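Chemist: Got a structure here, written out as C-alpha cells. Questions coming.
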C-alpha cells in the first residue's frame, strides 16, 4: 500500500505524445536555467554520455529525448526512471519566487516509486526539490563507490545499486514521516502547486545549507585540485524538520572525491569531515558565539573539528588474506599524520596498524571493536618502529609491507605476556590492553605505572593489584 501511495503521488503523469520523456520540475520556486541530468552510473556527477535535459520554459518543466541516450548500452525508460536526477542551479538561473539566483547549489532526486511506465511515452515525472535532496546523507552508503562507466549505466552493477537505494529511500521516508508527522508522499510533491506553506518554509531553509555545502565543495576543489561532493549530516536534516533553531544546532559537513584507479590495482580518494559546525538560519558560517565569519577554507578548519584524509587502498589481498590501506591526513587531534593498516576489513576482524604523527607513534594489534593491544610512543627519542611510511606507501612493495605486518604481529597481546613489550617503552610511552569492559594500562614514568580500569563503572585499581585484577578479566 505504501508503494502504491507513492506511485500515485509521484510516479505518474500522462503522456502528451510529444516525445518529451522523463519530465522533471526543479522547484525552490520553479527554477529556469538549471542543468538537469540523469546520473546513469551513480557517481553523482555528469559524465560525457549523460545528456542534459531540455527546458520547456512555458510549461516550467525539463525533459529528455530517448535518442540522446544512444551511447548507454541496454538503455530503457525502465532503467532511466531508476536513476537519480541531479539539478545544478548556477548563478544567474531564475527562481520564480525569489528572482535571480546569486549563489549556486545542487539538488538531487532519488527514485522511490515501483509502478510501471506512465502513458504511452513513459514520462516518469519527477520533482527535484530541496526536500528530495535531503535523502543524500541517508543513501550514500547504499551508493558506495562502484567504478561504473556511464555507458554501462543500465547494466547489472548499476541496477544492483538501484535495488539498494530505492528500498532505503522508502525506509527513510517512513522514518522521517513517523518522527516529524509529515505525509511521506509530500517529500516528493510539487509544493508550489499544492500550496503547502510548511514544505515551502522547509525548502527555503534547506536551500541555504545546500548552497553552503556547494561552496565547501568549491573551496576543497580549489585547495586540492579534485572534484568533490559535500553533504550535511542527519543532525541538521532533523533539526530543520523538527523546526529547531539552527543557531543551537551543531552539525557536520562531509566531502568525498571520486576514486582514481592506479596502474598497480590500487585506487585512491579523499575524504573530508568537518565536525562541530556552527551556522545561522541563513546557512552562514559562524563561530561558537554566533558571530558570522567568512566561509573560506582556513576559517572552516579554524572553527570546526576537522579531519582530512587521503586514502590509497586495494580490494584484493596482498599476502595471506590481508589487504592494505594507506592514509595520509590532517586532523584537529593529531595534526599531520600517516598510517598503514592491514586486515580483511570485515566487521570485527583482526587488524594491524602503524600510525605516525607530529607528536607520537601508534601501533595497534586488534581483534575486533573492543579487544586488542595499542602501544603509544610519545617520547621523540624512541627509535622503535621508526619507519618511513611515505616511502613505504609510495613503493607498496609486498615484501616490505609483510615485514611491517610481522613486526606489529610479533607484539605480545595478552596479560601473561604483555611484560615482553616493556622494553619498547621510553619515558611517557604507554601500552594498553582492552577486552570488553576492562582496560589495562602500563605507562613508563619515573617507574612503571600500572592501572586496571573497569570501563562500565570507571573504577581504577593501580599497581600489582591492578595487574592481577585485569589478569582475571583479560586473556
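What follows draws every value from the coordinates through simple rules; no lab data is involved. Treat the numbers as computed from the prediction; the structure is a model and nothing was measured. Note that each Cβ is placed from the backbone with ideal geometry, even for glycine, and that neighbours are counted across all protein chains shown.
Chemist: Tell me, what are the semi-axes, in whole angstrom and largest first, of the equivalent ellipsoid of the range 17-103 as set by the roots of 5 times the Cα gyration tensor eigenvalues?
Modeler: Values: eigenvalues 117, 44, 18 Å².
Equivalent ellipsoid semi-axes, largest first: 24, 15, 10 Å.
Chemist: Kindly state, as a whole number, the per residue volume in cubic angstrom of the convex hull around the alpha carbon atoms of the chain. If you can, show how the numbers build up before the last one.
Modeler: Numbers: hull volume 85.6 nm³, N = 475.
Looking at the chain, the number lands at 180 Å³ per residue.
Chemist: Let me ask you something else. Say each of residue 242 and residue 194 gets a label point 7 Å from the Cα, pointing the same way as Cα to Cβ; how far apart are those two points in nm?
Modeler: It works out to 2.3 nm between the two label points.
Chemist: Give me 131, 295, 65 sorted ascending by neighbouring Cβ count inside 10 Å, so fewest comes first.
Modeler: 65, 295, 131
Chemist: What Kirkwood Rh does the range 196-313 have if only Cα atoms enter the pairwise 1/r average? Answer in Å.
Modeler: By the Kirkwood definition, the hydrodynamic radius is 15.2 Å.
Chemist: While we're here: With angles folded into 0 to 90 degrees, how steeply does helix 398-409 sit against the dominant principal axis of the chain? Use alpha carbons for both and round to 10.
Modeler: 60 degrees
Chemist: Seen from all sides and averaged, what is the projected area of the convex hull of the Cα atoms in the range 246-381, in nm²? All intermediate terms of the calculation are to be shown ahead of the outcome.
Modeler: Details: hull surface 44.6 nm².
Value for the range 246-381: 11.1 nm².
Chemist: Multiply the residue separation of residue 369 and residue 159 by 0.36 nm, subtract the distance between their alpha-carbon atoms, and state the gained length in nm to one decimal.
Modeler: That pair, residue 369 and residue 159, stretches by 72.3 nm at full extension.
Chemist: Rg and Dmax in Å for the range 339-475, alpha carbons only: what are they?
Modeler: Using the Cα atoms of the range 339-475, the pair Rg, Dmax is 15.4, 47 Å.
Chemist: Please check which bits of the range 389-413 a label hung off residue 319 would reach, taking the label as a point 7 Å along Cα-to-C-beta and the cut-off as backbone N under 19 Å.
Modeler: Flagged as within label range: 389-412.
Chemist: Moving on to the next point. If I fit a long axis through the Cα atoms of helix 197-224 and take the longest principal axis of the Cα atoms of the chain, what angle between them do I get, 0 to 90°, rounded to 10?
Modeler: 50 degrees
Chemist: Report, as a whole number in µm² per second, the diffusion coefficient that Stokes-Einstein gives for the range 261-338 at 20 °C and 1.002 mPa s using the Kirkwood radius over alpha carbon pairs. Present the calculation step by step, with values, prior to reporting the outcome.
Modeler: Values: Rh = 14.8 Å.
In µm²/s, the coefficient rounds to 144.
Chemist: Restricting the calculation to Cα positions, tell me the Rg (one decimal) and the Dmax (whole number) of the range 48-88 in Å.
Modeler: Taking only Cα atoms of the range 48-88, I get Rg and Dmax of 11.1, 33 Å.
Chemist: Sorted from largest down, give the three principal axis spans of the alpha carbons of the range 154-245, whole angstrom values.
Modeler: 42, 39, 26
Chemist: Still on this structure, I have one more. Convert 10 °C to kelvin, take the viscosity as 1.306 mPa s, use the Kirkwood radius over C-alpha pairs of the range 1-190 as Rh, and evaluate the Stokes-Einstein diffusion coefficient in µm²/s, rounded to a whole number.
Modeler: Values: Rh = 16.7 Å.
Diffusion coefficient, whole number: 95 µm²/s.
Chemist: Right, something else. Give, as ranges by residue number, the residues of the range 338-368 whose backbone N falls under 19 Å from the point 7 Å along Cα→Cβ of residue 428.
Modeler: 338, 355-363
Chemist: Using 0.36 nm per residue of separation minus the Cα-Cα distance, give me the extension gain between residue 291 and residue 218 in nm, one decimal.
Modeler: Values: separation 73, 0.36 × 73 = 26.28 nm, distance 2.30 nm.
Gain on stretching residue 291 to residue 218: 24.0 nm.
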